[in-house]
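To start, the structure itself, in structure tokens.
No value in this document is a laboratory result; all are computed from the given coordinates. Not measured: the values here are computed from a predicted model. Quick reminder, even Gly has a Cβ in these numbers, built from the backbone with ideal geometry, and neighbours come from all protein chains shown.
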Ligand SMILES: [Zn+2]
């Protein structure tokens with residue numbers, strides 16, 4: 001459910017020039033001209049200005065898929081890191097030997113390094129994997145990581 005206070009905050013930010021008007025931007029999902037902003041992190045007050053420009057079609061598509069949206073934005077984070085090539089080659093060799101993807105191997109290593117945090121989130125992961133509402137690719141990804 002949207003929150004009118006969140007929309008009002010965006011409207012005010014546009015008026016004050018803190019946010020560009022959405023029609024000057026492209027839809028975050030398809031690249032068409034955007035018509036509005038989507039509160040992709042939800043409607044909590046601290047996220048009132050965390051918005052992505054979307055076209056009409058994707059604004060309604062997102063409204064019908066709140067569960068998937070929530071998972072892809074808060075469950076996993078994508079980061080770009082720079083590592084020496086030899087180190088990456090070593091990682092890839094290790095990944096192949098362990099029969100994991102590069103991504104899964106990195107997560108496995110990080111979980112070894114931060115066992116307490118990993119244990120704290122263990123239950124969390126299990127719940128996600130069992131959740132039948134997960135999109136197929138997300139369920140598979142969670143399974144590979146676990
Ligand atoms: Zn779109």
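Miscellaneous remarks
- Among 43, 114, a tally of other beta-carbon atoms within 10 Å of each Cβ gives an order, fewest to most, of 114, 43.
- In a fully extended conformation the segment linking residue 18 and residue 109 would gain 28.7 nm over its present Cα-Cα distance, using 0.36 nm per residue.
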